[in-house]
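To keep things clear, I will list the structure first and then write my remarks on it.
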Amino acid sequence: SSILQVRNIEKYFGNKGNVTKAIDDLSFEVEPGEFIGIMGPSGSGKTTLLNCLSTIDRVTTGDVIINGKKITSLNRRGMEKFRRQELGFIFQDFYLLDTLTVYENIALALTIQGVNTSEIQLIVNDITEKLEIKSVLSKFPYEISGGQKQRVACARAMVTQPTLVFADEPTGALDSKSSRILLESLEKLNQDLNTTILMVTHDAYTASYTNRILFIKDGKIFNEIVKGTDTQYE
Ligand code: ADP
Ligand code: ADP
């Protein structure tokens, strides 16, 4: 069954006389283990959609169900708890903690969850080996490159094995070589750990790494490409 169900959601901003409909009756589902892309131009509703799916913002109408839980019915505390326990995030601007080392940045969520130190070491060791960032574990974020920072952010997002990882323009601050390495890393984590990833981007090259791309415009899905099928030519 689906890990994410989006049912007829709408999101309005503003109030009477000055209303923007940012999301317009949008529905789709995501299966476990998918690497799905949401693509659209600036102003199409990507950020709003991501915020509504990830408990950062509330929909105006409709339902979002993640892992069988109707998150649109949760109160504020419930949403925060759900986010902490079940979701991972990767942002355009990394958001690493500058006073902590790379190791500490990645280990933090596990420490908070009460995982013991030796187990944390094993987990961090394993994921940083996959992401080829083991050599920078003792460095601080300001001592490493943008590409390395984003792979640290990936490790941090995935180390707790979240139900669903949201990536918002993850290559937005990276040069083309670092972008390619990052996208190959996401692809590898998706395959090796079977992590479900939903990535939002305006960039076709970035979207091309996903298994399926939903195209949005004016808050609506207007097309879909599933990689490895040629239905669009039939
Ligand atoms: P994208 O991420 O694709 O650039 P957004 O989700 O940021 O698109 O915006 C979609 C539409 O909703 C735009 O018209 C934008 O101006 C509007 N919008 C987004 N956030 C707000 C907000 N907090 N208040 C008012 N309008 C908003
Ligand atoms: P992106 O770079 O993802 O397209 P935007 O620059 O559109 O994001 O928006 C950045 C932030 O500003 C988002 O949180 C969005 O909700 C908010 N925002 C966008 N448009 C408006 C608006 N017209 N009024 C108020 N906030 C907005």
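The values are calculated or read from the model by the stated rules, or taken from the named source; none is laboratory data. Given the structure is predicted, the values throughout are model-derived calculations rather than measurements. For neighbour counting, all protein chains shown are included, and Cβ atoms are generated from backbone atoms with ideal geometry for every residue, glycine included. These area figures cover heavy atoms from the full protein model, side chains too; ligands, DNA and RNA do not enter into them. Shrake-Rupley method; radii C 1.70, N 1.55, O 1.52, S 1.80 Å.
Annotations for the structure displayed:
- Taking each residue of segment 84-102 that is under 22 Å from Asp175 (Cα atoms) and looking for partners that are of a type in the set (Phe, Trp, Tyr) and crowded, with 17+ Cβ neighbours inside 10 Å with beta-carbon atoms closer than 7 Å, six or more apart or interchain, yields Phe89/Phe166.
- Thr117, sole failed condition from (1) free of Cβ contacts under 8 Å to residues at least 12 places away in the same chain; (2) within 16 Å of ligand 1 (Cβ to nearest atom): (2)
- Candidates Ile56, Ile65, Ile38 - the one that is within 16 Å of ligand 2 (Cβ to nearest atom), surrounded by 14 or more Cβ atoms within 10 Å (Cβ to Cβ) and assigned to a strand (DSSP E or B): Ile38
- Residue match in segment 98-109 (condition: over 14 Å from the mean Cα position of the chain (by Cα) and modelled with pLDDT under 95): yes
- For segment 206-216, the condition holds for no residue, the condition being that it is within 16 Å of ligand 1 (Cβ to nearest atom) and either of a type in the set (Asp, Glu) or touching a Cys at 6+ places or on another chain (Cβ under 9 Å) (or both).
- Conditions (1) among the β-branched types (Val, Ile, Thr); (2) at pLDDT 95 or above; (3) open to solvent by 40 Å² or more (accessible area, probe 1.4 Å): number failed by Val226: (2)
- Residue in segment 149-165 that is over 30 Å from Ile71 (Cα atoms) and surrounded by 22 or more Cβ atoms within 10 Å (Cβ to Cβ) present: yes
- Any hit, segment 19-32, residues being among the basic types (Lys, Arg), more than 22 Å from Val226 (Cβ to Cβ) and within 10 Å of ligand 1 (Cβ to nearest atom): yes
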